[in-house]
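Read the structure below first, then the notes.
Just so it is clear, none of the values below were taken in a lab; they were calculated from the coordinates. Since the structure is predicted, the reported quantities are computational estimates derived from the model, not experimental observations. Every residue, glycine among them, receives a Cβ derived from its backbone with ideal geometry; neighbour counts consider all protein chains shown.
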Amino acid sequence: MKKIVNRLLQCILTLFIVSVLCFALTKAAPGDPVLTYVEPNMSEEYIQNLRESLGLTKPLYEQYFLWLGRIMHGNFGNSLMNNRPVLTQMLERLPAL
């Protein structure tokens, strides 16, 4: 029983570390994610509201927990390539594996 608990704790720690690394890599990517939604005629106020609605004005640790919560609920966001949910695209390709 002690081995099982030990393995579960190791698994949880590993998943936590992987999630922090994934989040850090997305934050370290160059560019501003809001610019993918911006059109030339949008006001600066609208762009700032968009940042707030995406949670990008919150502290980094708060952004991480919001991101982690969405991931745990299966919300991987929308693809920047075709503006479709990422989870749907993953499930479409899963049978090909």
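In whole angstrom, how far apart do the alpha carbon centroids of region 1-41 and region 74-97 sit?
18
Hey, fewest Cβ within 10 Å first, where do Lys2, Lys58 land in order? Walk me through the numbers before you get to the answer.
On the way: Lys2 6, Lys58 14.
By the 10 Å Cβ count, ascending, the order reads Lys2, Lys58.
Taking the chain as a Gaussian network, where each spring joins two C-alpha atoms under 10 Å apart, which residue of Leu50, Leu35, Leu68 fluctuates the most?
Result: Leu35 has the largest fluctuation of those listed.
Tell me the GluC sites (Glu not before Pro) within region 21-97 that lie in a loop according to DSSP and have at most 10 other beta-carbon atoms within 10 Å.
Numbers: sites: Glu44, Glu45, Glu52, Glu62, Glu92; in loops: none.
Hits after loop and neighbour filter: nothing returned.
Leu60 to Glu44: extension gain in nm, 0.36 nm per residue of separation minus the Cα-Cα distance?
Full extension of this stretch gives 3.5 nm more.
Once you have the Cα-Cα distance between Ile12 and Leu80, take 0.36 nm times their residue separation minus that, and quote the gain in nm to one decimal.
That pair, Ile12 and Leu80, stretches by 21.5 nm at full extension.
May I ask for the net charge around Val86, where only other residues with Cβ less than 14 Å from the Cβ of Val86 are counted and Lys, Arg are +1 while Asp, Glu are -1?
My count for the surroundings of Val86 gives +2.
Treat the count of other C-beta atoms within 10 Å as a stand-in for reagent exposure and order Ser79, Ser43, Ser19 from fewest to most. Each step should come with its number before you reach the end.
Numbers: Ser79 12, Ser43 8, Ser19 15.
Ascending Cβ contact count within 10 Å gives the list Ser43, Ser79, Ser19.
Quick one: grab the alpha carbon gyration tensor of the chain, order the square roots of its eigenvalues as a ≥ b ≥ c, and give me rounded if a/c is under 1.5, else prolate or oblate depending on whether a/b is larger than b/c.
Oblate is the answer for the chain, as a/c is 1.5 or above yet b/c matches or exceeds a/b.
Run down the lysines and flag those whose C-alpha is under 19 Å from the C-alpha of Lys58, throwing out any fewer than 8 positions away in its chain.
Lys27
Please state the relative contact order of the chain as a whole percent: Cα pairs under 8 Å, 6+ residues apart?
16
Is the C-alpha gyration tensor of region 38-93 telling us rounded, prolate or oblate? Criteria: a/c under 1.5 is rounded; beyond that, a/b larger than b/c is prolate, otherwise oblate. Mind dumping the intermediate values first?
Numbers: a/c = 4.15, a/b = 1.29, b/c = 3.21.
Oblate, since a/c reaches 1.5 and b/c is not below a/b.
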